[in-house]
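**Q** Please find one structure pasted underneath; my questions will follow.
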Amino acid sequence: MDMLRAANERAAREGDVIHLEVGQPGTAAPAAALDAARAALDSDALGYTVALGNDALRERIALHYGETYGVDLDPTRVVVTAGASGGFIMAFLALFDTGDTVALGCPAYPAYRNILDALDLKRQEIATDASSRFQPTVEHLEAIGALDGLLVASPANPTGTMLRAAELETLAGYCEDRGLRLVSDEIYHGITYGEPAHTALEYSDDAIVVNSFSKYFSMTGWRVGWLVVPERFVRTFERLSQNLFICPSALSQVAALAAFDAREELDTNVTRYAENRAILLRDLKRSGVTNIAPPDGAFYLYADVRHLTNETLDFCHQVLNDTGVAIAPGADFDPQDGSRFVRFSFCGAQEDIVEAGARLKTYLAGINQSGGR
Ligand SMILES: Cc1ncc(COP(=O)(O)O)c(C=O)c1O
């Protein structure tokens, strides 16, 4: 947020800022979603929907699991939410009691930490590094002791790394055997660069899956996402949704349903991300930034820059000041070790990535020549 503010201030002053600090696609919702929303505005009263979301959308989401993962999913287990963020609040409230302990890998999306704290849940952060591709493992869990839940994300933010199929299966089995609730954040599914992502539902009917229309579907501001929950929890989620939110946005549900018919347009976005990723990886590597988490998916590069700085918040301000390129410091994602990492987001327009790569190359060449900052 600080970087975004600083970047916006500089943009107003100098007009030359390239935003690699933000985590949202630069593209609008797909045309089919926009058309459906326009039609609904003209023809539909758009009042409250039922708390769990429109049946047509829940059925379409369930079908998506058959099409994408070969999982036969009963639509009654789908809960439409106000984005993944709304999903987390409901999931944590439904699954845990005050004082319960939830494990999660670190670095991680900062809101996990903040939502758990806000709900008076304890968190057990697992320091991860390149040796486990920045993902938690069963060995980590065994070393911890009593837990009530595990939160995983694959592909993850900020690293983009994924749990391999066998790793996710092992974690899901571990959780099932010990009665731990597994919450699987699958928001970056659809944005992968090699192996496709696997859903926790392939391995456990007990897992709670969190997903959203924000990333692959390019609909961040529409605030619509979904959960898949075990049958026995559906009524609890219905009550939570009814009382906390009444329902997810009616207009956004209409648009989200149509977004499933926009695969071609959405896959074009993913092709652009893949090209952007290659451009930025090339330019960073040529600049000596080579220690980068394996970017299997999402649209981030998480780079260890300890050879350049010990305090990446200052470093990011300096980079912004000297180049106009805004990047995110690691401390938000990892309070312990994050001050040696930065996150580059490559979901923007390709010409911006090319220009940012060129500016960073020149800038880092200057630092390397002067023997560090
Ligand atoms: C890993 C992860 N989970 C969840 C979210 C929240 O997404 P939503 O817009 O669906 O609330 C984000 C947003 O950046 C994210 O990176």
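The values are calculated or read from the model by the stated rules, or taken from the named source; none is laboratory data. Because the structure is predicted, anything quoted here is derived from the model rather than measured. FYI the Cβ positions are ideal-geometry reconstructions off the backbone, even for glycines, and counts take in every protein chain you see.
**Q** Could you check the range 153-203 and list, in sequence order, the residues that are in contact with a helix residue (DSSP H, G or I) (Cβ under 7 Å, 6 or more places away or on another chain) and of a type in the set (K, R)?
**A** R181, the sole residue that qualifies.
**Q** For the range 81-108, give me each residue that is more than 12 Å from the ligand (Cβ to nearest atom) and either acidic (D, E) or assigned to a strand (DSSP E or B) (or both).
**A** Listed by number, the residues that qualify are D97, D100, T101, V102, A103, C106.
**Q** Select from the range 141-152 the residues that are more than 15 Å from Y112 (Cα to Cα), in contact with a helix residue (DSSP H, G or I) (Cβ under 9 Å, 6 or more places away or on another chain) and not aliphatic (A, V, I, L, M) and write down the one among them that is nearest to the ligand (Cβ to nearest atom).
**A** D148
**Q** Further question on the same structure: Looking only at the range 36-51, decide whether some residue is within 24 Å of the chain's Cα centre (by Cα) and at pLDDT 95 or above.
**A** The answer is no, given that none of the residues of the range 36-51 is within 24 Å of the chain's Cα centre (by Cα) and at pLDDT 95 or above.
**Q** Any residue that is among the small types (G, A, S) and free of Cβ contacts under 8 Å to residues at least 60 places away in the same chain - is there at least one of those in the range 225-247?
**A** no
**Q** Check whether at least one residue in the range 337-356 is over 24 Å from P107 (Cα atoms), at pLDDT 95 or above, under 25 Å from the mean Cα position of the chain (by Cα) and among the polar types (S, T, N, Q), and report yes or no.
**A** yes
**Q** Separate question: Could you please let me know if G194 is in a loop (DSSP other than H, G, I, E, B) and under 19 Å from the mean Cα position of the chain (by Cα)?
**A** For G194, the condition - in a loop (DSSP other than H, G, I, E, B) and under 19 Å from the mean Cα position of the chain (by Cα) - is met.
**Q** Quick one: would you say T290 is free of Cβ contacts under 8 Å to residues at least 40 places away in the same chain, of a type in the set (S, T, N, Q) and either surrounded by 17 or more Cβ atoms within 10 Å (Cβ to Cβ) or in a helix (DSSP H, G or I) (or both)?
**A** Judged against the criteria, T290 is not a match.
So that you can scan it fast, the table gives a plain yes or no per residue for (1) more than 16 Å from the ligand (Cβ to nearest atom); (2) crowded, with 22+ Cβ neighbours inside 10 Å; (3) of a type outside the set (A, V, I, L, M, F, W, C):
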site	(1), (2), (3)
R235	yes, no, yes
E238	yes, no, yes
C247	yes, no, no
R263	yes, no, yes
D267	yes, no, yes
L281	yes, no, no
Y302	no, yes, yes
L313	yes, no, no
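**Q** If I filter the range 315-333 down to residues being of a type outside the set (A, V, I, L, M, F, W, C) and outside any helix (DSSP H, G or I), which single residue comes out as surrounded by the fewest Cβ atoms within 10 Å (Cβ to Cβ)?
**A** The qualifying residue surrounded by the fewest Cβ atoms within 10 Å (Cβ to Cβ) is G324.
**Q** Against the definition (within 16 Å of the ligand (Cβ to nearest atom), farther than 20 Å from A293 by Cα and either more than 19 Å from the chain's Cα centre (by Cα) or assigned by TED's automatic domain parsing to the domain that holds Q336 (or both)), how does A118 come out, yes or no?
**A** Yes.
**Q** Residue by residue through the range 90-101, note down the ones that are of a type outside the set (D, E, K, R) and farther than 13 Å from E238 by Cα.
**A** Step one: filter the range 90-101 for residues of a type outside the set (D, E, K, R), giving 90-96, 98-99, 101.
Scanning the range 90-101 gives F92, L95, F96, T98, G99, T101.
**Q** Hey, another quick one. Does D261 count as acidic (D, E), assigned to a helix (DSSP H, G or I) and over 18 Å from P25 (Cα atoms)?
**A** no
**Q** Just to be sure I understand, how many residues within the range 200-233 are of a type in the set (D, E, K, R), under 18 Å from P155 (Cα atoms), away from the ligand (no atom under 12 Å from the Cβ) and in a loop (DSSP other than H, G, I, E, B)?
**A** Residues that pass the stated criteria total 0.
**Q** For A111, are the conditions met, namely being assigned to a helix (DSSP H, G or I) and away from the ligand (no atom under 16 Å from the Cβ)?
**A** For A111, the condition - assigned to a helix (DSSP H, G or I) and away from the ligand (no atom under 16 Å from the Cβ) - is not met.
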